[in-house]
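Asker: Next up is a structure, given as C-alpha cells.
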Amino acid sequence: MIDLYTWTTPNGRKVSILLEELGVEYTAHPINIGKDEQKTPEFLAISPNNKIPAIVDRETDVALMESGAIMWYLADKYNKFLPTDSTGRARVMEWLMWQMGGLGPMAGQAHHFLHFNPGKAPYAEDRYRTEVRRLYDVLNKRLTGRDYICDEYSIADMAIWPWVSRHEWQQISLEEYPSVRAWYQRLLAREAVQKGYHVPKVMGEIPQG
Ligand SMILES: N[C@@H](CCC(=O)N[C@@H](CS)C(=O)NCC(=O)O)C(=O)O
C-alpha cells in the first residue's frame, strides 16, 4: 500500500499516472500548495524539501520525495515501465533526467513568468519561452518515427507527458510539433493517464492537444 502526497500539478500527476498504470493500491492525500500545506511539520517529516509529490511505502516504511526518484523506486519495486537490461534502463533514465533537469524546471519558470506574471519581466519571458521551444524541438525530433520516448512505454513518457499537458501555459501550440502531438494524444487515450491526471481532484478538462 502506497500513500501519495500530491496536488494537481505536473510533478504530482507524474506519480499518480504511474500508480494508475501499475494498478497498485494507493491512497492520495491532497497537499494544497496554494494554501501552503507543503510547509506543515507533518509534511516536512516526509518531504524535507517541502514540495509535492512524496510517497510513503507502508510495506517498507520508506518515505521518498522527488518525483524522479519516486518513479524509479516504484518502477523498480513492481518491475514495470523500466527495462532491466543496462542499456535500455540507461536510455529511460536519460530521458527521465532530461525531464527532471530540463523540461520541468524550464517549463515551470515559463509558467511563472508567461502564465502567472506576464509583462513583469520581459527578459525572463523571452528566455524561458525560447528555452521551452528548444526543448519541444528536441522532444519532437526524438519522437519522430517512434511511438514512445524509448523502445517501450516507460516512466520517461509518464514523466514528460504532464508537462506537455500544460503546453498552453508555455505558449506552445502542439500543431508546430506534430510528433509530440501524436505522442501526446496516444498517451491521452490511456485510461490510466486520464485517471492519474485527475488525482487528487478534478481541476478541469484535460487539454486535448
Ligand atoms: N524536483 C521536484 C520538484 C517538485 C516541485 O516543484 N513541486 C511543486 C509543485 S509541482 C511544489 O510542491 N511547490 C510548492 C512550493 O514550492 O512551495 C520533483 O520533481 O518532485
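Each reported figure results from applying straightforward, stated rules to the coordinates on display, with no laboratory input. None of these values were measured; they are calculated from a predicted model. When we count neighbours, we look across all protein chains shown, and the Cβ atoms used for this are built from the backbone with ideal geometry, even at glycine.
Asker: Please work out the FRET efficiency for the pair residue 205 and residue 45, using the Cβ-Cβ distance as r and a Förster radius of 30 Å; give the result to the nearest 0.05. Provide the component values of the computation, followed by the final result.
Answerer: On the way: r = 35 Å, r/R0 = 1.18.
Plugging the Cβ-Cβ distance into 1/(1 + (r/R0)^6) gives 0.25.
Asker: Out of all DSSP beta bridges in the chain, what portion is antiparallel? Express it as a percent rounded to 5. Please list the in-between numbers first.
Answerer: Values: 8 of 13 bridges.
Approximately 60 percent, going by the DSSP bridge assignments.
Asker: Evaluate E = 1/(1 + (r/R0)^6) for residue 85 and residue 60, where r is the Cβ-Cβ distance and R0 equals 25 Å; express this FRET efficiency to the nearest 0.05. Don't jump to the answer; show the numbers that get you there.
Answerer: Values: r = 26 Å, r/R0 = 1.02.
Plugging the Cβ-Cβ distance into 1/(1 + (r/R0)^6) gives 0.45.
Asker: Extending each Cα 7 Å along its Cβ direction at residue 198 and residue 77, get the distance between those two points in nm, one decimal.
Answerer: 2.5 nm
Asker: Also, quick follow-up: Pick out which of 180, 132, 62 has the largest mean-square fluctuation in a Gaussian network model of the chain, springs linking Cα atoms closer than 10 Å.
Answerer: 62
Asker: Report, largest value first, the span of the C-alpha coordinates of region 86-190 along each principal axis, in whole Å.
Answerer: 45, 27, 21
Asker: So for the pair residue 146, residue 173, with labels modelled 7 Å out along Cα→Cβ, what separation do we get in nm?
Answerer: Placing both labels 7 Å along Cα→Cβ, they lie 2.7 nm apart.
Asker: Which far-off residues, 5 or more places away or on another chain, put their amide H under 5 Å from the one on residue 29, with H placed in the peptide plane?
Answerer: When sequence neighbours closer than 5 places are left aside, the close amide H contacts are 4, 5, 6.
Asker: Note down, for region 159-209, the three equivalent ellipsoid semi-axes (square root of 5 times each alpha carbon gyration tensor eigenvalue), biggest first, whole angstrom.
Answerer: Values: eigenvalues 70, 33, 13 Å².
Ellipsoid half-lengths, sorted descending, are 19, 13, 8 Å.
Asker: Under the Kirkwood approximation for Rh and a Cα-based Rg, what ratio Rg/Rh is obtained for the chain?
Answerer: Numbers: Rg = 16.7 Å, Rh = 17.5 Å.
My calculation of the ratio gives 0.95.
Asker: Counting only helical runs of four or more DSSP H residues, what would the 222 nm mean residue ellipticity of the chain come to if each run contributes -39,500 (n - 2.57) and the total is spread over all its residues? Working shown, then result.
Answerer: On the way: 9 runs with 101 residues, N = 209.
Value at 222 nm, helices only, nearest 500: -14500 deg cm²/dmol.
Asker: While we're looking at this one, here's another question. From the phi of every residue in region 86-97, what ³J(HN,Hα) in whole Hz does the Karplus formula 6.51 cos²θ - 1.76 cosθ + 1.60 yield, where θ is phi - 60° and glycine or proline is x?
Answerer: 5, 6, x, 5, 4, 5, 5, 4, 4, 7, 5, 5
Asker: Further, regarding this structure: Please work out the Cα center distance from region 27-90 to region 129-170, rounded to the nearest Å.
Answerer: If we compute the Cα centre of each part, the gap is 22 Å.
Asker: Also: In straight Cα distance, which aspartates and glutamates are under 16 Å from residue 77, not counting same-chain residues fewer than 8 positions off?
Answerer: The reachable aspartates and glutamates, counting only those whose Cα sits under 16 Å from residue 77, are 3, 20, 21, 25, 57, 59, 61, 85.
Asker: Could you give the nm distance between label points at residue 94 and residue 117, where each point is 7 Å from its Cα heading toward the beta carbon?
Answerer: Taking the simple label geometry, residue 94 and residue 117 are separated by 3.6 nm.
Asker: List the lysines whose Cα sits under 18 Å from the Cα of residue 35, skipping any in the same chain fewer than 8 residues away.
Answerer: The qualifying lysines are 51, 201.
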